[in-house]
1. The range 20-116: which trypsin sites (Lys or Arg not before Pro) are DSSP loop and have at most 10 other beta-carbon atoms within 10 angstrom?
2. For Ser68, what accessible surface area do you get with a 1.4 Å probe? Give it in Å², rounded to 10.
3. Give me, ordered by chain and number, the residues 5 or more places off Val105 or on other chains with an amide H under 5 Å from its own placed amide H.
4. Could you tally up the Lys pairs in the range 26-110 with alpha carbons closer than 19 Å? Skip any pair fewer than 8 positions apart unless they're on separate chains.
5. When 1/r is averaged over all different Cα pairs and the result inverted, which Kirkwood radius in Å belongs to the range 26-110?
6. Evaluate E = 1/(1 + (r/R0)^6) for Ser49 and Val104, where r is the Cβ-Cβ distance and R0 equals 35 Å; express this FRET efficiency to the nearest 0.05.
7. If contacts are Cα pairs under 8 angstrom and at least 6 residues apart, what is the relative contact order of the range 26-110 in percent?
Amino acid sequence: PSSSLSTSNKTSFPTSSASPPKPGDTKEVELAKTDGSLGISVTGGVNTSVRHGGIYVKAIIPKGAAESDGRIHKGDRVLAVNGVSLEGATHKQAVETLRNTGQVVHLLLEKGQVPTSRERDPAGPQ
């Protein structure tokens, strides 16, 4: 008799918070600035063509605070800064909100749609 328990690992349910975040998951990141900067550049805003008018991380600056922290990724949506929601903010407002922060910034992020794991293989036929 073959034991199907050890061979079928397709139904792996996330049992701990250590599972990689899926798109749509929110995460809170507290980030200390490096040289007065968070080390991220953002895109989007209600006055742009970005989906939902959201504010998204466009780039991670090399050797910046976000890169050394490792939890913020390109494509993540910035939902709030220090408890201030960026919902409905223009690009300019979002940049000002991010700029007008102290040394330590509390960010609420939504995991982006960028595939970062091996389980979604982009090489397969679409």
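1. On the way: sites: Lys27, Lys33, Arg51, Lys58, Lys63, Arg71, Lys74, Arg77, Lys92, Arg99, Lys111; in loops: Lys33, Lys63, Arg71, Lys74, Lys111.
Here the sparse-neighbourhood loop sites are Lys63.
2. 100
3. HN-HN under 5 Å from Val105: Leu31, Ala32, Lys33.
4. Numbers: Lys27/Lys58; Lys27/Lys74; Lys33/Lys58; Lys33/Lys63; Lys33/Lys74; Lys58/Lys74; Lys58/Lys92; Lys63/Lys74.
Taking the range 26-110 as the scope, the lysine pair count is 8.
5. Values: mean 1/r = 0.0802 Å⁻¹.
Here the Kirkwood hydrodynamic radius works out to 12.5 Å.
6. Details: r = 33 Å, r/R0 = 0.94.
Plugging the Cβ-Cβ distance into 1/(1 + (r/R0)^6) gives 0.60.
7. Taking the mean separation of contacting Cα pairs over the length of the range 26-110, I get 38 percent.
The values are calculated or read from the model by the stated rules, or taken from the named source; none is laboratory data. What you see is a predicted model, and the numbers here were worked out from it, not measured in a lab. Ideal geometry is used to build each Cβ from the backbone, glycine not excepted, and the neighbour counts take in all protein chains shown. Calculation scope for accessible area: heavy atoms of the full protein, side chains included, ligands and nucleic acids excluded. Shrake-Rupley method; radii C 1.70, N 1.55, O 1.52, S 1.80 Å.
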